[in-house]
Amino acid sequence: MNWQEEYKSKLISMSEAVGMVQSGMTLQIGIAASEPVGMLEELARQADRLENVTTWTCLPMRAYDIFMKPEMEGRFFNENWFYGAPDRAVHHEGRVSYTPNNLHKAGTDKLYGSGGHLDMMLGVCTPPNAEGLVSLSMGAVVEREMIDAADIVILEVNRNLPWTDGDVVIPLSLVDHLVEFDSPLVQVPPTTPNEIDELIGHHVAEFIEDGCTVQLGIGGMPTAVADFISDRRHLGIHSELLVDGVYKLWKSGAADNSRKTLHPGKFVATFAIGTQPLYDFMNDSPDVLLMRGSYVNNPYVIAQNYRMISINTAIQVDVLGQVCSQSLGTRHFSGTGGQLDTHRGAQMSEGGKGIIALRSTAKNGTISTIVPTLAPGAGVTVPSQDVDTIVTEYGSAQLRGLSVKKRMEALIRIAHPDFRESIREEAHRLGIVPDKQFF
């Protein structure tokens with residue numbers, strides 16, 4: 001059988017594909033821009049026949065009915081590695097629960113927790129190329145591990161997906177069924193930096209020299225960083241996520257990956273989210289490699305990049321140096337994702353640095369993000385023993401190797417002036433940094 005015949009033999013209708021889902025099953029759903037839109041919408045149409053279906057997701061990009069509608073109670077339960085806006089909106093309703101993880105172990109740990117069993121993998125792919133191979137296109141965070149583990153693999157063939165190389169390229173033999181559905185690609189435009197984002201971006205950019213390898217994310221601050229380093233040369237990219245800022249660095253000539261010690265000449269990531277110019281850049285590019293999350297985010301792999309600079313953001317940092325990026329107290333907001341992976345890997349890199357950048361205040365300047373203690377119930381994303389450099393609009397504080405007293409003073413210097421003394425006084429009062437006048 002040639003690949004054209006194999007493709008036709010595996011092609012089924014949307015209704016048939018989702019009809020294979022049965023009550024009590026566990027489904028892995030393609031992550032972020034790899035969501036199988038057609039099958040997720042069809043699941044809602046067939047919901048009345050289903051009960052106790054568990055979905056494994058990460059960073060959903062759209063508000064699907066199976067996750068959002070109250071009448072899905074008892075039919076679908078979502079276990080999520082990293083919340084997006086839809087998950088935050090329904091968390092209090094009890095139909096979604098966070099799975100703690102570090103991204104490079106997310107897939108293997110999830111399978112471990114389920115006894116190694118997965119009923120079905122629902123994802124996306126490109127049409128086959130001339131050799132009969134398909135590309136998972138937008139990423140391989142856990143997709144390859146889940147394809148190998150699932151009893152049934154169904155992929156949604158979407159002609160709008162860019163062809164990408166790396167671990168995303170697979171033979172048709174790994175797929176049980178295919179369904180054709182040409183949904184528009186999710187578009188996430190870069191956030192326009194405001195004045196504070198630009199101040200933070202300027203401070204972060206001071207750590208990035210020609211020839212560094214960089215990890216960037218999404219948001220106004222990473223966009224500002226990309227703007228400030230667009231005049232650098234021979235930058236490399238080894239990043240959990242490919243975003244429009246990376247495309248901008250390539251277009252400006254700043255990033256050519258020529259001095260990378262690991263995969264020289266290649267933009268390396270595990271998934272992508274952005275806009276059409278980024279997707280056009282990725283499409284059939286010999287310079288882009290999308291690899292498994294278990295590889296890209298492995299700290300010991302990241303550490304092989306010379307002068308690796310990891311840039312992440314946070315919600316709170318306390319005077320011990322503990323970083324919370326995933327919750328607002330007990331209220332879950334996002335997840336650890338790859339933050340601790342990249343932060344640790346960058347510090348292990350020769351000449352590397354792990355940077356946590358955040359605004360000094362939140363809620364329109366009414367509360368400080370530099371605090372004596374994290375909010376009660378807050379998740380610790382980066383432990384104090386792993387912290388390196390904290391950046392706000394007021395400058396940078398390099399905490400690595402410092403005592404708690406020195407960390408407190410360094411953080412106070414980059415806290416908002418309105419809160420500096422109250423941070424010190426509260427840390428003294430609580431005995432975190434003892435002061436005899438408080439005892």
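The values are calculated or read from the model by the stated rules, or taken from the named source; none is laboratory data. A quick note: this is a predicted structure, and the numbers were derived from the prediction, not measured. A quick note on method: Cβ atoms are made from the backbone with ideal geometry, for glycine too, and the neighbour counts reach across all protein chains shown. What goes into the accessible areas is simple: the full protein's heavy atoms, side chains included, and nothing from ligands, DNA or RNA. Shrake-Rupley method; radii C 1.70, N 1.55, O 1.52, S 1.80 Å.
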Over 21 Å between Cα atoms, which of LYS406/LYS436; LYS105/LYS251; LYS8/LYS110; LYS69/LYS363 qualify?
-> LYS105/LYS251; LYS8/LYS110; LYS69/LYS363
Taking alpha-carbon centroids only, region 294-322 lies from region 24-45 a number of Å equal to 31
Dividing the helical contributions, -39500 (n - 2.57) per DSSP H run of n ≥ 4, by the residues of the chain yields a 222 nm value, nearest 500 deg cm²/dmol, of -7500 deg cm²/dmol
Provide the solvent-accessible area of HIS202, counting protein heavy atoms only and rolling a 1.4 Å probe, rounded to the nearest 10 Å².
-> 80
In percent, how large is the relative contact order of region 60-140, given Cα pairs closer than 8 Å and 6 or more residues apart?
-> 19
So how exposed is TYR295, as accessible area in Å² (1.4 Å probe, rounded to 10)?
-> 70
State the label only: which of (i) -0.59, -1.14; (ii) -0.75, -1.08; (iii) -0.57, -1.25 corresponds to log10 I(q)/I(0) by the Debye sum over Cα atoms at q = 0.09, 0.13 Å⁻¹ computed from the shown model?
-> (i)
Measuring from its Cα centre, the chain shows a charge dipole (+1 at each Lys and Arg Cβ, -1 at each Asp and Glu Cβ) which, in debye to the nearest 20, is 1440
Ordering of 27-34, 364-371, 61-68 by burial proxy (mean other Cβ atoms within 10 Å per residue, highest first) | 27-34, 61-68, 364-371
When only Cα pairs under 8 Å and 6 or more residues apart are kept, what is the percent relative contact order across the chain?
-> 13
Could you tell me the distance between the Cα centroids of region 332-408 and region 93-107, to the nearest Å?
-> 21
Straight-distance crosslink candidates among lysines, where the alpha carbon sits under 29 Å from LYS248 and sequence neighbours closer than 8 are dropped | LYS260, LYS266, LYS353
